[in-house]
Amino acid sequence: MHKTTIALAFASTLSAALSFAPAQAHDHSAHAHDHDEQIYNGYFEDAQVEDRPLSDWAGDWQSVYPLLTEGKLDAVMAHKAEHGDKSAAEYTAYYTTGYATDVDKIEIDGDTVTFHRGASAPHAQYESDGYEILTYSKGNRGVRFIFEKIAGDAEAPQYIQFSDHRIFPSKADHYHLYWGNDRAAVLEELTNWPTYYPADLSAAQVAKDMMAH
């Protein structure tokens, strides 16, 4: 399996953009909590990273982009402004670019991923193509778990790359997804990171989860 470590000059704001995923929880001891927080913040050893199955992201997922553009995440932007270095309007503009996508819903069942774009729903089968460890400009790191199309509709991307702050097998509760037909080019994507939460969550529940992290 292809695994490499890639150092990229990521903007420091990217790590903030990917800060909504909760830490992994294996037990509730103080030591485990500190360990999980380190991973969540992007500090881990290469040896800790393990391949993950597509089933970690199984389920029906909604894009948060419509929630943002409809004003349903305004409270999240205000919350970030209270604790960050931008105004609510600046955060809204930043996340509007980050969340932007025409894929409103994603379904993952077995090895099949379906991309819903309005009335169109191309789907394809994917298999693991390993992972890449990315180093951000501020020194912390992240992992992209990569899957390659092996069969399916031409409209479905050749590669999909998941990022959710988890570095070994564990069920995702939301994620950022990158996709395209050029594996290396997708890895270079810095400004657009479509983000998906479970389809059965309300806008208020999504906002509450975001503000909790």
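Overview of results
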quantity: Per-region count, the stretch 77-88, residues of a type outside the set (D, E), farther than 16 Å from H213 by Cα and not in a helix (DSSP H, G or I); calculated: 2
quantity: Selection count, the stretch 164-190, where residues are closer than 26 Å to A154 by Cβ and more than 10 Å from the chain's Cα centre (by Cα); calculated: 11
quantity: In the stretch 44-62, the residues that are under 22 Å from D111 (Cα atoms), open to solvent by less than 30 Å² (accessible area, probe 1.4 Å) and not aliphatic (A, V, I, L, M); calculated: R52, D56, W57, G59, W61
quantity: Residue count, the stretch 136-170 (criterion: of a type in the set (V, I, T) and in contact with a Pro (Cβ under 9 Å, 6 or more places away or on another chain)); calculated: 0
quantity: Those residues of the stretch 71-85 which are without any contact (Cβ under 8 Å) to a residue 24 or more places away in the chain and open to solvent by 60 Å² or more (accessible area, probe 1.4 Å), in sequence order; calculated: D74, E82, H83, D85
quantity: Cβ pairs under 7 Å, 6+ apart, first in the stretch 46-66 and in contact (Cβ under 8 Å) with a residue 12 or more places away in the chain, second assigned to a helix (DSSP H, G or I) and among the hydrophobic types (A, V, I, L, M, F, W, C); calculated: V64/V206
quantity: Count of residues meeting criterion [assigned to a loop (DSSP other than H, G, I, E, B) and under 12 Å from the mean Cα position of the chain (by Cα)] in the stretch 191-203; calculated: 3
quantity: Boolean, D182 is of a type outside the set (S, T, N, Q), open to solvent by 50 Å² or more (accessible area, probe 1.4 Å), within 18 Å of D56 (Cα to Cα) and out of contact with any His (no Cβ under 8 Å at 6 or more places or on another chain); calculated: no
quantity: Residue match in the stretch 14-21 (condition: among the hydroxyl-bearing types (S, T, Y) and at pLDDT 95 or above); calculated: no
quantity: Failed item, numbered, when H176 is tested on (1) in contact (Cβ under 8 Å) with a residue 24 or more places away in the chain; (2) outside any strand (DSSP E or B); calculated: (2)
quantity: Identity of the residue in the stretch 188-206, open to solvent by 10 Å² or more (accessible area, probe 1.4 Å) and among the aliphatic types (A, V, I, L, M), that ends up modelled with the lowest pLDDT; calculated: L190
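The values are calculated or read from the model by the stated rules, or taken from the named source; none is laboratory data. Everything numeric here is computed off the predicted structure, so don't read it as measured data. Using ideal geometry, Cβ is built from the backbone for each residue, glycine included, and neighbour counts are taken over all protein chains shown. Surface accessibility is based on the protein's heavy atoms, side chains included, excluding ligands, DNA and RNA. Shrake-Rupley method; radii C 1.70, N 1.55, O 1.52, S 1.80 Å.
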